[in-house]
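Below is one structure, written out as structure tokens; comments come after it.
Each value in this text was obtained by applying a stated rule to the coordinates, not by laboratory testing. No experiment lies behind these values; they were computed from the predicted model shown. Using ideal geometry, Cβ is built from the backbone for each residue, glycine included, and neighbour counts are taken over all protein chains shown.
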Amino acid sequence: MTLRSAAWMRFGAAVLAGVVAAFGQAPYDLPLVLLAALAAVLSIYRAAATPRQAAALGWGFGFGYFLHGWSWLVSPFMVDPERYAWMAPFAVVGLTGGLALYWALAFFVSRRLSAQVWPLIFVLPAAEMLRGYLFTGFPWGMFSQSLVNHWPGQGLALVGPYGMTLAFVALAVAVVQRARGPMLRQGAVWGARVLGVAALTVPFGGRDAPITDHMIRMVQPNAAQKDKWDPVKIPEFFDRQLALTAAPPAQGDAAPDLILWSETAIAWPLDLAHGALTYISEAAAGTPVVLGVQRRDDMAYYNSAVLLGPDAEVVQTYDKHHLVPFGEYIPFGDLLGRIGLRGMAAQFGSGFSSGPGAALMDLGPLGQALPLICYEAVFARDVNAAPARPAFLMQLTNDAWFGKGQGPLQHLAQARMRAIEQGLPMARVANTGVSAMIDPWGRITKSLALNEAGFLDAHLPAPRPATPYSRWGEWPFLFITLAGFALVILRRRRNLKFDQRGRQS
């Protein structure tokens, strides 16, 4: 076998390992498989003779992982296939291949610094942070996302998603690390292997979270995205939501203290929706309603959430500030708009404008809530940006864009991550599901199934005390990562000195 054919075989194995690794994410939720696949690619990485070969392995692993894990990305382009279907293969391959470059960079830098595997403990999570921040960021599918059902996932409350990604990579390195040296060191390596692997098999349990007396109703109309803006079907979906809002609670349940409608729940912009708001207020019978709506202000359009009072008045407005590139706005929109390209989710104008930032919504006896519209729940930093600690998180989303299984379930997993990180409950309402009440440990206390119409009445759990991550954010992760980089560089310099002495002798 030639050196070139061996390199291609290693590359193919890295891509395959990436495809297998995606089984760690929803709907499969198999973090042990993800760990095994990561350990496999780290073993292959050892054979990389140059930083360029290492970069190719990192790119192949990332491409396989993202291509499998994000196959749901085809779904948004199929909502309006005549206009967008041609873009689907370019967008999916382009996005997954482009984001795999972050992992290629990590493998390249790590191999440049050392021929050993352990520097990836710090370099790969650092690349993941770049993926989460650069070009507005897209931190979907981090290794830490696979942990929400298991005990290690509670570490999100301590060090957040990047810190737990670092811990996951460290475990994979421990699995492949050759145990050398004194017996004590070998015992430590084997102990880390056994404890870490065993922890990934243990579902998180514990006592039920304390609950408050507050009842929240989440209205799930199940309006398919291809039908959502159909003029013939708009009245049907609106009437369905009114009926679900006005429905009596189940026997033994209290009347709701708050009603939530999903993202862009009505078809009319806010300035033309007075009649619709009146009907909603009447159906709610005095109960406050938070609903998603598109809002325009002069020539600017916003994806918003509004708090509707008992007399149909808009008491408070929140404008989404972290928008989806190419979905809600188009970079260089003025130029591309001339050839007919605009945000797929925007129904009015060529795209949405960004709101001023995270803001709290005062819900009276329920306390203050932090509204998150769809994509904003993907970003831990958007939740940490709240001006004060809220009583609970409140996500309004339209996951009909994400298909009928894989995408919505992964989005739900990220909502659960935000609850764990903050130690706060989350009321999550989704157009096509999964609508759920999530407790401060990330457990779903009650839910309404995917692709089902109905309403969900659930008690709001009580919050936990402020978590270390909610207080310190990414600073502990950055400190550990910088210390790790410093250690790698010092080891590299020491090895270079030893090499020079050896040559001189």
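Quick look at the values:
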| quantity | calculated |
| --- | --- |
| Share of Cα-Cα pairs in the chain lying beyond 38 Å, as whole percent | 30 percent |
| Relative contact order computed over the chain (Cα-Cα under 8 Å; 6+ residues apart), in percent | 15 percent |
| Inter-centroid distance (Cα atoms) of the range 1-66 relative to the range 381-420, Å | 29 Å |
| A246-A462 pseudo-label distance in nm [points 7 Å out on the Cα-to-Cβ vector] | 3.8 nm |
| Computed over the range 211-470, the ratio Rg/Rh where both radii use C-alpha atoms and Rh is Kirkwood | 0.94 |
| Ranked W261, W190, criterion: other C-beta atoms within 10 Å, fewest first | W190, W261 |
| Estimated FRET transfer efficiency when R0 is 45 angstrom, pair S354-Y28 (beta carbons, to 0.05) | 0.85 |
| Assigned charges on the beta-carbon of Lys, Arg, Asp, Glu; the chain dipole about Cα centre (debye) | 3760 debye |
| Dipole moment magnitude, nearest 20 debye, the range 211-470 about Cα centre, only Lys, Arg, Asp, Glu C-beta charged | 760 debye |
| N451/A47 FRET efficiency (R0 51 Å; Cβ-Cβ; nearest 0.05) | 0.65 |
| Within the chain, longest stretch clear of exposed GluC sites (Glu not before Pro) (DSSP loop, no more than 16 other Cβ within 10 Å) | 1-312 |
